[in-house]
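The values are calculated or read from the model by the stated rules, or taken from the named source; none is laboratory data. Keep in mind that what you see is a predicted model, and the values were worked out from it rather than measured. Using ideal geometry, Cβ is built from the backbone for each residue, glycine included, and neighbour counts are taken over all protein chains shown. Side chains included, ligands, DNA and RNA excluded: accessible areas come from the protein's heavy atoms. Shrake-Rupley method; radii C 1.70, N 1.55, O 1.52, S 1.80 Å.
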Amino acid sequence: MTYTKSLQGKHLITTQDWEKEELDIILKLAKEMKENRFHHPLNKSLENKSFFMFFYNPSVRTRQSFEIAATELGGHALFLEPKSMRLKTATTAGETIEDAAIVMSRYACGLGIRILEDKIPHYGAGEDLLREYAQYSTIPIVSMAHDKYHPCQGLADIMGIQGHLGELKGKKTLLTWGHGALARSWCSVQEYLLMASRYGMSINLAYPEGYDLDPQVIEQTKKNCDQNSQEFNITNDVKEGYEDVDVVYSRNWMSPQAYKDNKLHNEQEIEKALQFNEWICDTEKMRLTNDALYIHPMPIDRGNEVTDEVASGARSIIYDVAENRLHVQKAVMALTMGEY
Amino acid sequence: MTYTKSLQGKHLITTQDWEKEELDIILKLAKEMKENRFHHPLNKSLENKSFFMFFYNPSVRTRQSFEIAATELGGHALFLEPKSMRLKTATTAGETIEDAAIVMSRYACGLGIRILEDKIPHYGAGEDLLREYAQYSTIPIVSMAHDKYHPCQGLADIMGIQGHLGELKGKKTLLTWGHGALARSWCSVQEYLLMASRYGMSINLAYPEGYDLDPQVIEQTKKNCDQNSQEFNITNDVKEGYEDVDVVYSRNWMSPQAYKDNKLHNEQEIEKALQFNEWICDTEKMRLTNDALYIHPMPIDRGNEVTDEVASGARSIIYDVAENRLHVQKAVMALTMGEY
Amino acid sequence: MTYTKSLQGKHLITTQDWEKEELDIILKLAKEMKENRFHHPLNKSLENKSFFMFFYNPSVRTRQSFEIAATELGGHALFLEPKSMRLKTATTAGETIEDAAIVMSRYACGLGIRILEDKIPHYGAGEDLLREYAQYSTIPIVSMAHDKYHPCQGLADIMGIQGHLGELKGKKTLLTWGHGALARSWCSVQEYLLMASRYGMSINLAYPEGYDLDPQVIEQTKKNCDQNSQEFNITNDVKEGYEDVDVVYSRNWMSPQAYKDNKLHNEQEIEKALQFNEWICDTEKMRLTNDALYIHPMPIDRGNEVTDEVASGARSIIYDVAENRLHVQKAVMALTMGEY
């Protein structure tokens, strides 16, 4: 079997930067790798090669799934934190991103970066940082979640839904805000809007007033839906979005007011998010759907974003989606960074 | 050569949970792996597979020996700490152990957990936590030392003694408390009581008044000794336990009064442990033995638990036992988690 | 092809401990490994073996390059920090270096140690520590930079210069102090003096009054130059050292007054280092040279140690030198620790 070399060297900052056909290649390979986990022909594609995981923010699933993805491809993932990088900042001597990126390109086959809200002065600064690394790096940059996008989560979501529903064109999904003592990033839900709309789903987006997402992402989602002749509805009603959908995704996210004076105001966001306790995905609301699948990128805040009954119910595919993170990342790393 | 698959998927929380014949299989394989370290037929049994090491408490030897065990079997060990896990606690939102264990089971071939006194509210809470992980996990859970047991240390101890004394049935051992600015866990010494008694040794247990160990472990040790028709004596005399024994194990441990008000009172324990400075294993006391071997799980507090003369003497097998940690862990991982 | 086994088991604390012919072997193999990075015959020499990286001080490049070196040789590097080692100190119970070194020798194929100014009470204490490990260890100790020397940086520097200039005998180099908000270690620049003089270069050493280096290293450098019939000049003039040289190395370093009362006075050093702002390597000064190469061990303090124009100019080989760290370390590890 031969595999395309057309993706070699490609950065993955958001799936929207890639052609739909390129995403199809990843999803097809990820499925193959899931079915033939330890004996797939590309399982040596990173043999003795090194992948940098640069965590400006810590992580559970992302670190585990990237480190294991590198391992299962025969390679090794290095765990880097900012404190060990001595980078230049506004107030301290240190290395420029240009120097760091050029040298890392000499050492490794790829560089994953994770940077979230509390490490940046304003929304969009994480995205800018990734694009700055991509400018100087001669190896692929892959987002391991940043303020704006989370491409590997988006791929894992769609892989999970395809695994249960097959072709997604014309299927309906609800993405709904969930309450709780949290102020979660926009990255996962925004990537889901882009991916679901690319793959031909019609979308209901539901949230309480004041929880608008990035207008640019909303605009792009509309375009994607239009190209597939699908609907994109936004509602502030807690129930109506559930009607007749095939997939429900409930998740907390912070409001656009989260940043003030060049920092994140987490506590105010949490206080605000605790007010809307009717915004929980429960069995009663799920009865309005077309026997919908339930998805969530985990970790779940059970009892707030969703009830235990739904999260652990027969239609929940949360563990499949979590597992898919591994497979889609293996596919991305093999085809963008591997030797085969 | 073929190896049994009867141990596949088995948790190892204490050796007492396993049949004696199963422990024999581990010790036999560990010996083979020591003799043929880099070319043993099972050395690819973890190839490209990942093992989680979840350290609620940091560690020296345990982390080194598990990480290297995975490496020498062709696999990879991931280092996890609680701060990176975002687990649910009494006061913060986070992931349940059920969710964490199920997803980790999708990613890796095994999960090691270490949790000691200062991370738990009372003795036994660490044991409960491991058994909760075991309930939800579909991959083997292995204790890397917890409040109650330390199965891999117990296996390494017996492997070391067997290497020098051969068959242990009817041999005599002393386990004696040692003083010093320390308040050490019960896990290693309790596992030793269980293992030495399973392997047919008669046991002298010596400690100053007030340093009783877990009554349930003492009870089980008695039963094990009875089944092998061996004696189990407990004394508060600093010398009499040495008489005529074949193996001496000296080690500090904390008192049953260590926990109060749901926390560990380390400083009071250290203060108390400093009072008994006659409780040191020295050449004079060793003269009472049957030219006994000296063992200790390391790190040693030289000059307190034992003199330099004994610890570095001709009958000390401390380095062999430390090395054995690697070999028994390779054997456990290969047979419970490996593909062969 | 066969490779010498004469270096097996050798410690590398400074290149000055090794014969020139032994260094030649390393540089030749490093060049081979650079040209044939993923398919060199020694690329399996650390297969399934483990290398300890013990970082008393954190690091960027050193950790990346050693960890990747182990990976590319088929092995695994373990990241150790003092907080995880529970070693004995003047005030706390813990393990002796003897015990730690002996057990680590049972587990791994080599031990790298990094210890810099702020972790030691006086200059020379880091060197003493490495030599104490070497005394008890039966596996090779390699310096990953300590207060006095940085052998792998010295090897990478010379490899980089050879790559552009060929034979170095009779070539001229300037090593010049650079200003900035820094108080950098002597290790890299001292190793460079030793290596450049071993390889037959004549040396200009330039720094402001008060920035003398270790007199013992200066003495040794003089001897090395004498043996090769080359000159060694020291000047306090900011410009004259540049005249007619083939290689310029500018770099900040701390003064001999950095230590007082058994600790490092970093802030006073930085204050002092900021005074000499004419001490920057710039295009004007570089015009005095024989179209010299520019080198620096990175990370660079751009705008202080050197201008952007020089650091990113056509004659700068900083990225090549940084990459060479990987190749020389692979060569050292393969020949001192490997199985082939």
Does the range B:115-126 include one or more residues that are within 13 Å of chain A (Cβ to nearest Cβ) and either under 22 Å from B:Lys330 (Cα atoms) or among the acidic types (Asp, Glu) (or both)?
-> no
Residue satisfying condition, being surrounded by 24 or more Cβ atoms within 10 Å (Cβ to Cβ), under 18 Å from C:Cys187 (Cβ atoms) and modelled with pLDDT of 95 or more, within set C:Leu155, C:Leu129 = C:Leu155
Return yes or no: is B:Ala134 facing another protein chain (nearest Cβ under 9 Å) and not in a strand (DSSP E or B)?
-> no
Which ranges mark the strands (runs of 3 or more DSSP E) fully within the range C:11-118 that have 1 or more residues being under 30 Å from B:Tyr319 (Cα atoms) and open to solvent by 10 Å² or more (accessible area, probe 1.4 Å)?
-> C:76-80, C:110-115
Can you name the residue in the range C:319-340 that is surrounded by fewer than 24 Cβ atoms within 10 Å (Cβ to Cβ) and at the interface with chain A (Cβ under 9 Å from one of its Cβ atoms) and, of all such residues, is farthest from C:Lys239 (Cα to Cα)?
-> C:Glu323
Cβ pairs under 6 Å, 6+ apart, first in the range A:180-193 and more than 14 Å from every other protein chain (Cβ to nearest Cβ) and in contact (Cβ under 8 Å) with a residue 12 or more places away in the chain, second open to solvent by 10 Å² or more (accessible area, probe 1.4 Å) and not in a loop (DSSP other than H, G, I, E, B) = A:Val189/A:Arg251
Name the residues in the range B:221-241 that are in a helix (DSSP H, G or I) and open to solvent by less than 80 Å² (accessible area, probe 1.4 Å), would you?
-> B:Thr221, B:Asn224, B:Cys225, B:Gly241
Which of (1) in contact (Cβ under 8 Å) with a residue 12 or more places away in the chain; (2) within 14 Å of chain C (Cβ to nearest Cβ) is the odd one out, the single condition A:Thr71 does not satisfy?
-> (1)
Lone unmet requirement of (1) in a loop (DSSP other than H, G, I, E, B); (2) open to solvent by less than 10 Å² (accessible area, probe 1.4 Å); (3) hydroxyl-bearing (Ser, Thr, Tyr) for A:Ser185 | (2)
Scope the range C:137-166; condition within 17 Å of the chain's Cα centre (by Cα), assigned to a helix (DSSP H, G or I) and not aliphatic (A, V, I, L, M); matching residues | C:Pro151, C:Cys152, C:Gln153, C:Gly154, C:Asp157, C:Gly160, C:Gln162
Keeping to the range B:276-314, report how many residues are open to solvent by 20 Å² or more (accessible area, probe 1.4 Å) and of a type outside the set (Ser, Thr, Tyr).
-> 18
Residues satisfying the stated conditions in the range B:11-54, i.e. touching a strand residue (DSSP E or B) at 6+ places or on another chain (Cβ under 9 Å) and either at pLDDT below 95 or within 14 Å of chain A (Cβ to nearest Cβ) (or both) = B:Leu46, B:Asn48, B:Lys49, B:Ser50, B:Phe51, B:Phe52, B:Met53, B:Phe54
Of the criteria (1) farther than 25 Å from A:Ala100 by Cβ; (2) not in a loop (DSSP other than H, G, I, E, B), which one C:Ser255 fails = (2)
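Results for (1) of a type in the set (S, T, N, Q); (2) within 26 Å of B:Asp291 (Cα to Cα), shown as yes or no for each residue.
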site: B:Lys172; (1), (2): no, yes
site: B:Glu191; (1), (2): no, yes
site: B:Leu194; (1), (2): no, yes
site: B:Gln216; (1), (2): yes, no
site: B:Ser229; (1), (2): yes, yes
site: B:Thr235; (1), (2): yes, yes
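Yes or no, residue by residue, for (1) at pLDDT below 95; (2) open to solvent by less than 10 Å² (accessible area, probe 1.4 Å):
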position	(1), (2)
A:Leu174	no, yes
A:Ala181	yes, no
A:Tyr192	no, yes
A:Ser197	no, yes
A:Ser202	no, no
A:Pro215	no, no
A:Glu219	no, no
B:Ala273 versus (1) out of contact with any Lys or Arg (no Cβ under 6 Å at 6 or more places or on another chain); (2) buried (at least 22 other Cβ atoms within 10 Å of the Cβ); (3) in contact (Cβ under 8 Å) with a residue 40 or more places away in the chain; (4) closer than 25 Å to B:Ile317 by Cα: which is the lone unmet condition?
-> (4)
